[in-house]
């Protein structure tokens, strides 16, 4: 599992653009490759959403990443009082499509 960052150029942009498409997100959810957790801790509420897909045939340069099987996204939203913060992260992975394993791997990353 590798977290993507802006300095990875087109790869980061392509994956980011993919996950901005609401139709793709709905397809991922329907395929059972979506998970959501909500936790209350330290007087705040943390919601985490996980998306994973093996729909990567379109991804330019995927042959540069030996063993690449899936891409993923996490959205973390934290509400503390009236303040809400959100963070989105993107990943490439050699994991087979398995949302539980993806979620666990993100936590360990």
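The values are calculated or read from the model by the stated rules, or taken from the named source; none is laboratory data. Source: prediction; values computed, not measured. With ideal geometry, Cβ positions are generated from the backbone for all residues, glycine too; neighbour counts draw on all protein chains shown.
Can you name the residue in region 43-68 that is surrounded by 15 or more Cβ atoms within 10 Å (Cβ to Cβ) and more than 14 Å from the chain's Cα centre (by Cα) and, of all such residues, is nearest to residue 15 (Cα to Cα)?
Restricting to residues being surrounded by 15 or more Cβ atoms within 10 Å (Cβ to Cβ) and more than 14 Å from the chain's Cα centre (by Cα), the top hit is 59.
How many residues does region 40-65 contain that are at negative phi, modelled with pLDDT under 90 and not in a strand (DSSP E or B)?
Result for region 40-65: 5.
Quick check on my filter: what residues within region 20-39 are closer than 18 Å to residue 95 by Cα, touching a helix residue (DSSP H, G or I) at 6+ places or on another chain (Cβ under 8 Å) and assigned to a helix (DSSP H, G or I)?
Passing the criteria: none in range.
Among the residues of region 86-99, write down those that are more than 10 Å from residue 52 (Cβ to Cβ) and touching a strand residue (DSSP E or B) at 6+ places or on another chain (Cβ under 7 Å).
86, 87, 88, 89, 90, 92
For region 69-85, give me each residue that is exposed (fewer than 13 other Cβ atoms within 10 Å of the Cβ) and either touching a residue at least 12 places away in the same chain (Cβ under 8 Å) or out of contact with any strand residue (DSSP E or B) (no Cβ under 6 Å at 6 or more places or on another chain) (or both).
If the condition is that a residue be exposed (fewer than 13 other Cβ atoms within 10 Å of the Cβ) and either touching a residue at least 12 places away in the same chain (Cβ under 8 Å) or out of contact with any strand residue (DSSP E or B) (no Cβ under 6 Å at 6 or more places or on another chain) (or both), then 80, 81, 82, 83, 84 are the ones that fit.
Could you list, in sequence order, the residues of region 89-100 that are surrounded by 14 or more Cβ atoms within 10 Å (Cβ to Cβ) and without any contact (Cβ under 8 Å) to a residue 60 or more places away in the chain?
Residue satisfying the conditions is 98 alone.
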